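Q: Would you mind keeping the following structure in view while I ask a few things?
The values are calculated or read from the model by the stated rules, or taken from the named source; none is laboratory data. Keep in mind that what you see is a predicted model, and the values were worked out from it rather than measured. All Cβ positions, even for glycine, are placed from backbone atoms using ideal geometry, and neighbour counts span all protein chains on display.
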Amino acid sequence: MSKITMTTAVALALAATTPAVFAQTSHDTRVVTPNTVMSHSIQPDEIRASKMIGSTVYDVQNRNIGSVKDLVLGRSGNVDAVVIDVGSFLGMGGKYVAVPVSDIKTDNNRLTLDRTKEQLQQMAQYRLEDRNTGAGSSTSPPEGGRLGTGTGR
């Protein structure tokens with residue numbers, strides 16, 4: 001084997017085993033911070049809370065089973081529950097139930113739930129406010145705060 005052929009073979013072997021770090025520039029708009037990956041625009045698999053709250057929820061038979069009343073966030077900032085107003089008519093006579101956010105599906109720009117209205121009405125009532133602890137009744141801090149820290153800074 002000539003020296004050029006040997007050098008070429010070694011270069012090809014190294015190229016085949018080296019990760020393609022410089023192969024292609026991505027057009028991903030995500031910004032990586034120490035704890036999160038954020039995007040500069042809403043993604044197809046995301047939904048805005050402001051659009052979700054108040055939206056009608058349908059069952060798999062396309063029947064109106066309620067509307068999203070609120071989203072409950074945990075200390076970590078994750079959505080712990082989607083609160084649905086079930087059975088009310090003009091804001092009266094219904095009750096709130098909580099379902100995991102993973103149970104809510106989006107179907108043609110609509111929210112769907114694989115449960116019937118009757119199943120939701122049989123669930124335990126979810127109270128958005130706890131009179132004994134004040135949970136759920138607090139107002140926003142005047143200077144803002146951060147979820148998960150327990151402080152406003």
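Q: Please pick out the residue among VAL60, VAL86 that is closer than 15 Å to GLN125 by Cα and either at pLDDT 95 or above or among the β-branched types (Val, Ile, Thr) (or both). I'd like the intermediate steps shown before the answer.
A: Values: VAL60 fails: closer than 15 Å to GLN125 by Cα.
Only one candidate qualifies: VAL86.
Q: Under 8 Å by Cβ, and 6 or more places apart or on different chains, what pairs join a residue from region 105-130 that is closer than 17 Å to ILE53 by Cβ with one that is aromatic (Phe, Trp, Tyr)?
A: ARG110/TYR58; LEU111/TYR58; THR112/TYR58; LEU113/TYR58; TYR126/TYR96; LEU128/TYR96
Q: Next question. Considering only residues of region 107-153 that are of a type in the set (D, E, K, R) and more than 24 Å from GLY66 (Cα to Cα), which is modelled with the highest pLDDT? I'd like the intermediate steps shown before the answer.
A: At the first step, the residues of region 107-153 found to be of a type in the set (D, E, K, R) are 107, 110, 114-115, 117-118, 127, 129-131, 143, 146, 153.
Cutting the leftovers down to more than 24 Å from GLY66 (Cα to Cα) gives us 131, 143, 146, 153.
Working: ARG131: 69, GLU143: 58, ARG146: 58, ARG153: 45.
Per the stated criteria, the residue is ARG131.
Q: Kindly provide the set of residues from region 45-70 that are within 18 Å of ALA98 (Cβ to Cβ) and without any contact (Cβ under 8 Å) to a residue 40 or more places away in the chain, ordered by number.
A: ALA49, ILE53, GLY54, SER67
Q: So which of THR116, THR56 ends up being farther than 25 Å from PRO44 by Cβ and not acidic (Asp, Glu)? Spell out the reasoning first.
A: On the way: THR56 fails: farther than 25 Å from PRO44 by Cβ.
Unique residue meeting the criteria: THR116.
Q: Quick one: ASN78 ticks every box in (1) under 12 Å from the mean Cα position of the chain (by Cα); (2) outside the structural domain of ASP114 (by TED's automatic domain parsing); (3) polar (S, T, N, Q) bar one, so which box is it?
A: Result: ASN78 fails condition (2) only.
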